[in-house]
Amino acid sequence: MTPQGTSLIGQSAVTGDQAVIRAIDPASGEALAPDYPGLDRDAVARACGLAETAYATYRESSLADRAAFLEAIAAEIEALGDDLITRAMAETGLPRARLEGERGRTCGQLRLFASVVRAGEWLDV
C-alpha cells in the first residue's frame with residue numbers, strides 16, 4: 001500500500017485540482033507525502049452518482065452476496081498488512097498495538113455483520 005495522492009472514483013485514480021490536503025505526523029508536525037489535491041464539485045458529484053448507482057444494484061443483491069462482500073472487505077483490509085499499520089501510526093501517533101487491535105476489531109465486526117446478514121433473522125420474516 002503506497003499512497004498515491006489520488007482519489008478513487010469508480011475504478012479510476014483521479015488527481016484533483018483544488019487546494020492540497022496533507023496528512024501531518026503528530027509527533028513531528030511534518031507533512032507526510034504525498035499531497036492530496038482536493039476534488040472539484042463535478043468530481044464529487046460523479047463519485048456520488050456512482051455510489052447511488054452501486055447502491056441500486058447492491059440493494060437487489062442476495063443476503064449471501066452481501067455477506068460475501070463484507071467478508072471481502074475484511075480480507076482486503078488484512079491484506080494491506082503492515083503497510084496500513086505503519087501509515088496509520090505516522091498519521092495518528094497511535095501505538096502499533098492499538099492500531100493492530102483496531103484493525104482486528106474492525107475485521108471481526110465485518111465478519112460478524114456478514115454472519116448476521118447471511119442468517120437473515122433480522123428481517124423478521
Subset of the range 1-22 that is without any contact (Cβ under 8 Å) to a residue 12 or more places away in the chain and not in a loop (DSSP other than H, G, I, E, B) - its residue that is nearest to TYR55 (Cα to Cα): LEU8
Members of the range 21-57 found to be of a type in the set (A, V, I, L, M, F, W, C) and touching a Gly at 6+ places or on another chain (Cβ under 7 Å), listed by number: ILE21, ALA27, LEU39, ALA43, LEU50
Residues satisfying the stated conditions in the range 85-125, i.e. of a type in the set (Val, Ile, Thr) and free of Cβ contacts under 8 Å to residues at least 60 places away in the same chain: ILE85, THR86, THR106, VAL116, VAL117, VAL125
Only listed residue being touching a Leu at 6+ places or on another chain (Cβ under 7 Å), on the phi < 0 side of the Ramachandran plot and surrounded by 12 or more Cβ atoms within 10 Å (Cβ to Cβ), chosen from PHE113, PHE69: PHE113
Filter result for the condition that a residue is open to solvent by less than 60 Å² (accessible area, probe 1.4 Å), free of Cβ contacts under 8 Å to residues at least 60 places away in the same chain and touching a Cys at 6+ places or on another chain (Cβ under 8 Å), over ALA74, ALA43, ALA64: ALA74
Cross-chain or 6+ apart pairs with Cβ under 8 Å, the range 23-36 first and within 9 Å of GLN4 (Cα to Cα), then open to solvent by 60 Å² or more (accessible area, probe 1.4 Å): PRO34/GLN4; ASP35/VAL20; ASP35/ILE21; ASP35/ARG22; TYR36/VAL20; TYR36/ILE21; TYR36/ARG22
Hey, ARG87 within 30 Å of PRO26 (Cβ to Cβ), of a type in the set (D, E, K, R) and open to solvent by less than 50 Å² (accessible area, probe 1.4 Å) or not: yes
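The values are calculated or read from the model by the stated rules, or taken from the named source; none is laboratory data. What you see is a predicted model; the values in this text were computed from it and never measured. Note that each Cβ is placed from the backbone with ideal geometry, even for glycine, and that neighbours are counted across all protein chains shown. Areas reflect the complete protein model, heavy atoms only, side chains present, ligands, DNA and RNA absent. Shrake-Rupley method; radii C 1.70, N 1.55, O 1.52, S 1.80 Å.
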